[in-house]
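Here is the structure we will look at, set down as structure tokens.
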Amino acid sequence: MAPSNIAFIKYWGKKDDRLRLPTNGSVSVNLSNLSTTTTVEFVRHLRTDQIEVNGVAVDDMNSRIGKHLDRIRQLFKTDLRAKVVSKNNFPTASGLASSASGFAALTLAAVKSIGLDLSERQISSLARQGSGSACRSIPDGFVEWREGNDDSSSYAESIFPAGHWDLSIVVCLFSDSPKKTLTTAGQNLAFTSPFFLTRLKKINDKIFTIKKLIEKRSFDEFGQLIEHEALELHAIMLTSTPPLIYWSPETVKLMKLIQELREDKGVPVYFTIDAGAHMHLICETGSLKKVISFLGRQDFIKQTIINKPFSGARVINQHLF
Ligand code: PMV
């Protein structure tokens, strides 16, 4: 079982496409209410992998999941095929990215099932090759992914346990339709933005600062930095060729409402946005009631999912077959 995570300082752009080495480090927190459970068994008589995700069979033998199993087979020096059943606990067609929790859960389950004895760092590196942000769903709580410069030096580590800061992360969904440009394709466009190199010049300072603000639990400065970071990420996306416009009218509407809620009503809550239209609102749990009651009055929001900082991927006893 592995949680999804939301990045405060984002991963966008790769310096090595095959290994999924990012152009910069990133910092995130694991989410308690968005997770994937996966069961893997390597079986002697199977001729091909049998993969089922959210009740649907994945037939494509070159699927990302199949390729990830190949990496694990290579490490274990086996050609045994696997039965894989995977389920998300959040609405599948919501447009919420499931690759972080999905590849983290698949990596841990496959590694344990085949009997590989790997460290947390090695499991995180391996998960990274399935989907970059998946490496951050392996360690506990607040997590930093160091960009590294080869396969073994690019992994994520816990920087603070989940209990370090009582934050609430409210995911706001506006529509049921999945996003059109997958992050893997979007990531490859980062260098086409004229602002991308400018972003990279300051990124290590941002990472240093966010870690200090998390350590001190300085909420307002932290919130301002994560909002700035989300808008900077989208400035890169909007100015890529071709442009990536992930926002919907509802995204912009909620951004403005959140700024007003803060300025007019003094409620300390900030937003961040990934490669999609939905938003993650972040507040200290003391302010959650006010945030929820405000969101309850906004009928353009289809669904909200409340999360706390959470532990990383772990083996559980409830298997899916
Ligand atoms: O891991 P991917 O390829 O789905 O990329 C994730 C990219 C963002 O969600 C936009 C940012 C991040 O760091 O999670």
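The values are calculated or read from the model by the stated rules, or taken from the named source; none is laboratory data. Just so it is clear, the structure is predicted and the values come from calculations on it, not from any experiment. Every residue, glycine as well, gets a Cβ built from its backbone with ideal geometry; the counts of neighbours run over all protein chains shown. Note: accessible area is taken over every heavy atom of the protein model, side chains too, but ligands, DNA and RNA are not part of it. Shrake-Rupley method; radii C 1.70, N 1.55, O 1.52, S 1.80 Å.
Assorted remarks:
- Helix axis angle, 219-238 relative to the chain longest principal axis, alpha carbon, degrees: 70 degrees
- For the chain, the longest principal axis of the Cα atoms and the long axis of helix 64-76 meet at an angle of about 50 degrees.
- For the chain, calculated [θ]222 nm from helices alone, where every DSSP H run of n ≥ 4 adds -39500 (n - 2.57): -11500 deg cm²/dmol
- Shown is the FRET efficiency for Arg71 and Val252, computed with R0 = 35 Å from the Cβ-Cβ distance and rounded to the nearest 0.05: 0.30.
- Full-stretch length increase - Asp299, Asp117 - with 0.36 nm per residue and alpha-carbon distance subtracted: 60.5 nm
- When the solvent-accessible area of the stretch 139-267 is split by element, carbon and sulfur atoms take up 56 percent of it, the probe being 1.4 Å.
- Cα shape, the stretch 60-215, gyration tensor, a/c 1.5 rule: rounded
- Sites Lys202 and Leu238, calculated FRET efficiency, Cβ-Cβ separation with R0 22 Å, nearest 0.05: 0.75
- Calculated FRET value between Lys212 and Lys289, using beta carbons and R₀ = 22 Å, to 0.05: 0.15
- Loop-located trypsin sites (Lys or Arg not before Pro) across the stretch 176-284 with a Cβ neighbour count of 13 or fewer within 10 Å are Lys180, Arg217, with loop assigned by DSSP.
- Listed peptides 232-241, 99-108, 44-53 by packing density, highest first (mean Cβ within 10 Å): 99-108, 232-241, 44-53
- Eligible lysines near Lys83 by straight Cα distance, threshold 25 Å, same-chain separation 8 or greater: Lys67, Lys112
- Between Val315 and Asn188, the contour length at 0.36 nm per residue exceeds the alpha carbon distance by 42.4 nm.
- Other residues whose C-beta falls under 13 angstrom from the C-beta of Ile316 contribute a net charge of +3, scoring Lys and Arg +1 and Asp and Glu -1.
- When Met61, Met255 are compared by accessible area of protein heavy atoms, the largest-first order is Met61, Met255, using a 1.4 Å probe.
- Members of Lys253/Lys308; Lys15/Lys202; Lys14/Lys212; Lys10/Lys253; Lys10/Lys201; Lys206/Lys256 lying beyond 20 Å, as alpha-carbon distances in this model show: Lys253/Lys308; Lys14/Lys212; Lys10/Lys253; Lys206/Lys256
- Inter-part distance, the stretch 57-113 to the stretch 185-260, computed on C-alpha centroids, equals 29 Å.
- Under 20 Å from the Cα of Lys211 - aspartates and glutamates, other chains or at least 8 residues apart: Asp140, Glu144, Glu147, Glu157, Asp166, Asp220, Glu221, Glu227, Glu229, Glu232, Asp274, Glu284
- Per residue, the solvent-accessible area of the chain (1.4 Å probe, heavy atoms of protein chains only, all protein chains present) comes to 45 Å².
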